[in-house]
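Structure, as structure tokens:
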Amino acid sequence: MSLMPTLTERLNRARADLRMGLPVVLSDAGRALLVAAAEVLTPERLSDLRNLGAPVLVLTSRRAETLKARAYDGDLARIVVPGDAGLHWLHAVADPRDDLSTPMKGPFASLREGPADLHRAGIQLAKSAQLLPAVVAVTIDDGFGFAARHGLTLLPLAEAGPDLFRAGEMHPVVSARVPMVASEAGRVHIFRPEDGSTEHYAIEIGQPDRAKPVLARLHSACFTGDVLGSLKCDCGPQLNAALRQMGTEGAGVLLYLNQEGRGIGLANKMRAYALQDQGFDTVEANHRLGFEDDERDFRIGAAILREMGFGAVRLLTNNPNKVAMMEARGLSVTERVPLRVGETPQNRAYLATKAAKSGHLL
């Protein structure tokens, strides 16, 4: 029946459930795991989880490394939650904001037996919901029946797993003319992923020839830089400089991708800023939070450009990873156009870290 939610719709529902503090059920091959996001868990639900079994706190290996916890599963660690541990302990282990003030949290007992595929899916689900990559998990029997009895979202890993890691199809919603300072001949296109998640925008300057390489920029949303004029990054100046160059040339496409904070979301970005105030650089801060250096998905930009009819680009970027991703997705990058603007005394160390650790060509 078409009124039943599709797998894609259930995935998006699961993300929303986690953000609200509601657990979801993950299942595979007769096994089932009840998963809740650590940062929004309530005392009542933690008590309910304990009544079902022995909960484990699942963290990425990045966070486990900071905590000196064993990550026997390679990319993640399943840490046994002590019987007397409450929310304060869970939050202190999951969130690095108080690491320096309360450094002694261990020792930790990490599980090393049994499969961790469901736990891994739980972490990926939390990341895609832009929560801290930390989930509390309990093994349960009869995942289908449990989910049905408690009104919880059920995700079978065999079906949902591939969708967790793939880039969703982008569909055009609407476009309209928008005269801008950079160019009066501006048009904004709105694209929506098929999973109903965050929309992304394409700002088209002039009427670029689809048969020729288009001057293009993949710009990730930066509320602090683009809106507030933050001096901690170069995002705002890069945005404005790219639009100016497209206006000067008379044609171009700027993709404004809603992937704040290198894909970790504004809340986690502010957590990273707080860690930077403690002396960690931008990459170290991401790792302490449990994220990789960069969690963005540039496949989104490639999909939008293809949907708009472009097959080749002159890419405005200092990031060679963007070039590699464009080419891996079938777009020809005929030229990398440098975009070196916006250095300030406040962001000089940040830019040096991007060059040294992320390979940016500055």
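The values are calculated or read from the model by the stated rules, or taken from the named source; none is laboratory data. Keep in mind the model is a prediction, meaning the values are calculated, not measured. A quick note on method: Cβ atoms are made from the backbone with ideal geometry, for glycine too, and the neighbour counts reach across all protein chains shown. Accessible surface areas use protein heavy atoms only, side chains included; no ligands, DNA or RNA. Shrake-Rupley method; radii C 1.70, N 1.55, O 1.52, S 1.80 Å.
Matching residues to (1) in contact with a strand residue (DSSP E or B) (Cβ under 9 Å, 6 or more places away or on another chain); (2) small (Gly, Ala, Ser); (3) surrounded by 19 or more Cβ atoms within 10 Å (Cβ to Cβ); (4) closer than 18 Å to MET170 by Cβ:
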{"residue": "SER183", "(1), (2), (3), (4)": "yes, yes, yes, no"}
{"residue": "PRO193", "(1), (2), (3), (4)": "yes, no, no, yes"}
{"residue": "GLU199", "(1), (2), (3), (4)": "yes, no, no, yes"}
{"residue": "LEU275", "(1), (2), (3), (4)": "no, no, yes, no"}
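Within segment 125-136, is there a residue that is in a strand (DSSP E or B), of a type outside the set (Gly, Ala, Ser) and either modelled with pLDDT of 95 or more or under 30 Å from SER27 (Cβ atoms) (or both)? Outline the logic, then answer.
Taking segment 125-136 first, the residues in a strand (DSSP E or B) are 134-136.
Filter once more, so that each one left must be of a type outside the set (Gly, Ala, Ser): 135-136.
This time we only want the ones that are either modelled with pLDDT of 95 or more or under 30 Å from SER27 (Cβ atoms) (or both), so: 135-136.
Taking every residue of segment 125-136 in turn, at least one turns out to be in a strand (DSSP E or B), of a type outside the set (Gly, Ala, Ser) and either modelled with pLDDT of 95 or more or under 30 Å from SER27 (Cβ atoms) (or both).
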* **Enumeration of residues in segment 187-219 that are part of a strand (DSSP E or B), within 25 Å of SER128 (Cα to Cα) and charged (D, E, K, R)** => ARG192, ARG217
* Asked: Considering only segment 90-114, how many residues are open to solvent by 40 Å² or more (accessible area, probe 1.4 Å) and under 25 Å from the mean Cα position of the chain (by Cα)?
  -> 3
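Going by the structure shown, is GLY229 outside any strand (DSSP E or B) and at positive phi?
Values: outside any strand (DSSP E or B): yes; at positive phi: yes.
For GLY229, the condition - outside any strand (DSSP E or B) and at positive phi - is met.
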* Which ones in segment 269-317 are closer than 22 Å to SER128 by Cβ, more than 15 Å from the chain's Cα centre (by Cα) and among the basic types (Lys, Arg)? -> ARG288
* Hey, does segment 67-79 have a residue that's surrounded by fewer than 16 Cβ atoms within 10 Å (Cβ to Cβ) and modelled with pLDDT of 95 or more? -> yes
* Given (1) small (Gly, Ala, Ser); (2) modelled with pLDDT of 95 or more; (3) surrounded by 16 or more Cβ atoms within 10 Å (Cβ to Cβ), index of the condition SER175 fails -> (3)
